[in-house]
Amino acid sequence: MDVQFQFDWHAAFASLPYLLEGIPWTLAISFGGLAIGFVLGILFGLLSLSPSRLLRWVATAYIEIFRGTPVLVQVLFIFYGLPQIIGGPIDALTAGIAAIALNSAAYISEIVRGGVQSIARGQREAGLSLGLSTPQTFRYIIWPQALRRMIPALGNQGIVSIKDTSLFSVIGVGELVRQGQIYIATTFNALETYFMVAMLYLVITMSLSFALRMLERRGLVGQ
Amino acid sequence: MTAIVHMDKINKHFGNLHVLKDVELDVAAGEVVVIIGASGSGKSTLIRCVNGLEAFQDGRIEVDGHALAAHGKSHNALKAVRTEVGMVFQQFNLFPHMNVRDNVSLAPIKVRGTDRPAAEKQANALLERVNILEQADKYPGQLSGGQQQRVAIARSLAMEPRLMLFDEPTSALDPEMIGEVLDVMRELAREGMTMMIVTHEMSFAREVADRVIFIHQGAIVEQGRPEEIFDHPQHPRTQSFLARVLKH
Ligand SMILES: Nc1ncnc2c1ncn2[C@@H]1O[C@H](COP(=O)(O)OP(=O)(O)OP(=O)(O)O)[C@@H](O)[C@H]1O
Ligand SMILES: [Mg+2]
């Protein structure tokens with residue numbers, strides 16, 4: 001059989017300058033969204049552990065809603081739907097960051113809850129018996145241990161969210177996939193360009209994995 | 001004789017289970033009280049009520065003048081009691097993410113507001129006292145059980161407690177490490193520390209206790225000097241319990 005199509009490395013590397021323009025956007029949406037999502041996730045995770053039934057219910061409702069709907073629908077809702085309510089446009093970058101933040105927060109809050117609950121009851125009792133208040137016990141004893149245990153799951157969520165940003169080409173934000181699509185529209189090099197797009201995602205996600213593994217290793221020295 | 005602990009008709013339930021039944025107990029300053037009884041009789045629950053780790057439903061506990069009310073509704077008293085009462089657990093419960101010195105100095109720094117150099121100096125002195133200063137920079141996971149328990153004792157002592165609670169401090173230890181922990185406790189008793197100790201080490205109890213309390217199904221059925229309880233138990237429950245545990 002004749003090979004009809006040859007992978008053209010030249011074309012692949014030629015797409016790089018265009019694709020690289022998408023990287024700052026992909027990174028901004030991913031890490032901007034994840035940073036806010038982490039804060040929100042801690043908040044809702046702690047609410048889900050609260051003794052108050054109402055607060056627990058608020059957390060559960062939030063988690064169910066944002067875990068139970070696709071992130072693509074969420075970003076479309078924010079970008080196209082929300083402006084009709086607030087009466088003004090929302091720029092695509094803000095919409096993307098908001099969608100990643102709200103979506104990842106739902107998953108991160110579950111990671112936080114699981115991490116905190118995994119710390120043995122005796123740790124809390126030891127803190128309280130020394131005279132530390134409940135918040136102090138949480139801050140100095142429970143949280144540092146829980147956070148360390150959460151690192152692998154957080155890394156996982158980070159990777160998922162980074163990949164989720166690829167869907168946001170639909171709202172026209174110039175992230176990696178969008179840059180690729182524009183480039184392909186003029187050059188028709190779909191194979192090489194999407195290959196390079198995939199490679200660039202790999203570079204980002206593997207860098208994150210590597211950084212977190214370092215962090216985890218450093219944290220584990222003492223244990 | 002001033003009582004440091006005064007327990008007045010304490011009743012505690014876990015759901016339908018009546019765990020403590022009208023418990024009346026006074027502990028005098030400097031007294032060493034050992035609590036014995038079968039598994040599930042309520043020994044842990046009893047001493048955990050003293051520092052408010054367990055709430056009780058009925059009665060009153062006074063610890064060094066601070067009154068703990070039923071249902072744990074006495075926040076300020078609870079805080080005061082916990083800073084004045086140390087507790088040593090069966091499972092040590094050291095903080096695994098901190099080195100030994102930080103385990104000991106954490107509470108003085110955060111609760112008492114001691115500055116770090118002073119707290120570390122005090123920690124070193126306490127670690128010296130329990131013979132483990134050379135391990136100060138290690139993490140709990142790098143120590144043997146006996147070493148960990150001695151660190152846990154030092155950690156409690158750092159708050160300069162008026163009373164120490166021990167809940168089976170040697171039960172999780174390999175036999176060859178029990179001695180080193182009991183030595184530290186013996187030394188504390190000799191220095192006049194007020195202690196409430198739950199233990200299955202009967203010969204240790206006989207040696208250090210000023211008073212032995214036998215508890216059965218949540219009620220104190222007999223108490224007295226160790227030689228009275230161990231050599232001439234009066235209550236049939238005490239007799240059968242001791243016959244069982246002293247056999248080996
Ligand atoms: N958190 C809890 N919830 C429900 N029941 C409990 C709880 N803690 C203890 N109990 C029950 O209360 C009773 C007394 O328990 P406690 O731990 O005080 O006994 P103990 O004398 O210390 O026993 P052991 O020698 O096994 O440590 C037991 O029947 C136990 O199952
Ligand atoms: Mg017990």
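For the stretch B:187-218, enumerate the residues that are of a type outside the set (D, E, K, R), assigned to a helix (DSSP H, G or I) and open to solvent by 40 Å² or more (accessible area, probe 1.4 Å). It would help to see each step written out before you state the result.
First, the residues of the stretch B:187-218 that are of a type outside the set (D, E, K, R): B:188-189, B:192-200, B:202-205, B:208-209, B:212-218.
If we keep only those that are assigned to a helix (DSSP H, G or I) too, we end up with B:188-189, B:202-205, B:208.
B:SER203 - this is the single residue of the stretch B:187-218 that is of a type outside the set (D, E, K, R), assigned to a helix (DSSP H, G or I) and open to solvent by 40 Å² or more (accessible area, probe 1.4 Å).
For the stretch B:6-25: of the residues being within 17 Å of B:VAL221 (Cβ to Cβ) and acidic (Asp, Glu), which is farthest from ligand 1 (Cβ to nearest atom)?
In this case the residue turns out to be B:GLU24.
Check B:VAL184 against each of (1) away from ligand 1 (no atom under 16 Å from the Cβ); (2) part of a loop (DSSP other than H, G, I, E, B); (3) buried (at least 20 other Cβ atoms within 10 Å of the Cβ) and name the one condition it does not meet.
With respect to (1) away from ligand 1 (no atom under 16 Å from the Cβ); (2) part of a loop (DSSP other than H, G, I, E, B); (3) buried (at least 20 other Cβ atoms within 10 Å of the Cβ), B:VAL184 is out only on (2).
Enumerate the helices (runs of 4 or more DSSP H) found wholly within the stretch A:86-194, keeping only those where 2 or more residues are under 21 Å from A:GLY45 (Cβ atoms).
Numbers: elements: A:92-117, A:121-129, A:134-137, A:143-164, A:176-187.
Result: A:92-117, A:121-129, A:134-137, A:143-164.
Identify the residue in the stretch A:94-140 that is among the β-branched types (Val, Ile, Thr) and within 30 Å of B:ASN51 (Cα to Cα) and, among all such residues, is surrounded by the most Cβ atoms within 10 Å (Cβ to Cβ). Before the answer, list the steps.
Residues of the stretch A:94-140 among the β-branched types (Val, Ile, Thr): A:94, A:97, A:100, A:108, A:111-112, A:116, A:119, A:134, A:137.
Keeping just the survivors that are within 30 Å of B:ASN51 (Cα to Cα) gives A:112, A:116, A:119, A:134, A:137.
Numbers: A:VAL112: 27, A:VAL116: 21, A:ILE119: 18, A:THR134: 11, A:THR137: 21.
Ranking the qualifying residues of the stretch A:94-140, first place goes to A:VAL112.
Any residue that is within 21 Å of A:ARG139 (Cα to Cα) and in contact with a strand residue (DSSP E or B) (Cβ under 8 Å, 6 or more places away or on another chain) - is there at least one of those in the stretch B:95-103?
Filtering the stretch B:95-103 for residues within 21 Å of A:ARG139 (Cα to Cα) gives B:95-103.
Filter again for in contact with a strand residue (DSSP E or B) (Cβ under 8 Å, 6 or more places away or on another chain), leaving none.
No: zero hits.
Within the stretch B:43-63, restricting attention to residues that are within 13 Å of chain A (Cβ to nearest Cβ) and away from ligand 2 (no atom under 16 Å from the Cβ), which residue is surrounded by the fewest Cβ atoms within 10 Å (Cβ to Cβ)?
B:ALA55
Hey, does the stretch A:175-183 have a residue that's surrounded by fewer than 19 Cβ atoms within 10 Å (Cβ to Cβ) and away from chain B (no Cβ under 13 Å)?
Here is the first cut: in the stretch A:175-183, the residues surrounded by fewer than 19 Cβ atoms within 10 Å (Cβ to Cβ) are A:181-182.
Okay, now just the ones that are also away from chain B (no Cβ under 13 Å), so A:181-182.
Looking for residues that are surrounded by fewer than 19 Cβ atoms within 10 Å (Cβ to Cβ) and away from chain B (no Cβ under 13 Å), one finds at least one in the stretch A:175-183, hence yes.
Select, from B:ASN76, B:ASN103, B:ASN93, the only residue that is away from ligand 1 (no atom under 13 Å from the Cβ) and within 29 Å of B:LEU17 (Cβ to Cβ).
Values: B:ASN76 fails: within 29 Å of B:LEU17 (Cβ to Cβ); B:ASN103 fails: within 29 Å of B:LEU17 (Cβ to Cβ).
Every option except B:ASN93 fails the conditions.
Per-residue answers, yes or no, for (1) free of Cβ contacts under 8 Å to residues at least 60 places away in the same chain; (2) within 16 Å of A:GLY122 (Cβ to Cβ):
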residue: B:VAL100; (1), (2): yes, no
residue: B:ASN103; (1), (2): yes, yes
residue: B:GLY113; (1), (2): yes, no
residue: B:ALA119; (1), (2): yes, no
residue: B:GLU134; (1), (2): yes, no
residue: B:GLN142; (1), (2): yes, no
residue: B:VAL151; (1), (2): yes, yes
residue: B:SER156; (1), (2): no, yes
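Restricting to the stretch B:6-32, what's the tally of residues that are polar (S, T, N, Q) and on the phi > 0 side of the Ramachandran plot?
Restricting attention to the stretch B:6-32, the residues satisfying the condition of being polar (S, T, N, Q) are B:11, B:16.
The next check asks that each one be on the phi > 0 side of the Ramachandran plot; those that pass are none.
Counting residues in the stretch B:6-32 that are polar (S, T, N, Q) and on the phi > 0 side of the Ramachandran plot gives 0.
If the requirement is being within 13 Å of chain A (Cβ to nearest Cβ), among the aliphatic types (A, V, I, L, M) and within 16 Å of ligand 2 (Cβ to nearest atom), which of these qualifies: B:VAL88, B:VAL100, B:VAL151?
Among B:VAL88, B:VAL100, B:VAL151, only B:VAL88 is within 13 Å of chain A (Cβ to nearest Cβ), among the aliphatic types (A, V, I, L, M) and within 16 Å of ligand 2 (Cβ to nearest atom).
Kindly indicate whether B:GLY224 is more than 16 Å from ligand 2 (Cβ to nearest atom), over 30 Å from B:THR2 (Cβ atoms), more than 14 Å from chain A (Cβ to nearest Cβ) and open to solvent by less than 50 Å² (accessible area, probe 1.4 Å).
Working: more than 16 Å from ligand 2 (Cβ to nearest atom): yes; over 30 Å from B:THR2 (Cβ atoms): no; more than 14 Å from chain A (Cβ to nearest Cβ): yes; open to solvent by less than 50 Å² (accessible area, probe 1.4 Å): yes.
When the stated conditions are applied, B:GLY224 does not pass them.
Return the total of residues in the stretch B:1-42 being among the charged types (D, E, K, R) and within 16 Å of ligand 2 (Cβ to nearest atom).
Here is the first cut: in the stretch B:1-42, the residues among the charged types (D, E, K, R) are B:8-9, B:12, B:21-22, B:24, B:26, B:31.
Within this subset, residues satisfying the condition of being within 16 Å of ligand 2 (Cβ to nearest atom) are B:12.
So the answer is 1.
May I ask you to say which residue of B:LYS110, B:LYS138, B:LYS121 is assigned to a loop (DSSP other than H, G, I, E, B), surrounded by fewer than 24 Cβ atoms within 10 Å (Cβ to Cβ) and not small (Gly, Ala, Ser)? Steps first, please.
Details: B:LYS110 fails: assigned to a loop (DSSP other than H, G, I, E, B); B:LYS121 fails: assigned to a loop (DSSP other than H, G, I, E, B).
Unique residue meeting the criteria: B:LYS138.
The values are calculated or read from the model by the stated rules, or taken from the named source; none is laboratory data. Predicted model only: the values in this text are computed from it and were never measured. FYI the Cβ positions are ideal-geometry reconstructions off the backbone, even for glycines, and counts take in every protein chain you see. Side chains included, ligands, DNA and RNA excluded: accessible areas come from the protein's heavy atoms. Shrake-Rupley method; radii C 1.70, N 1.55, O 1.52, S 1.80 Å.
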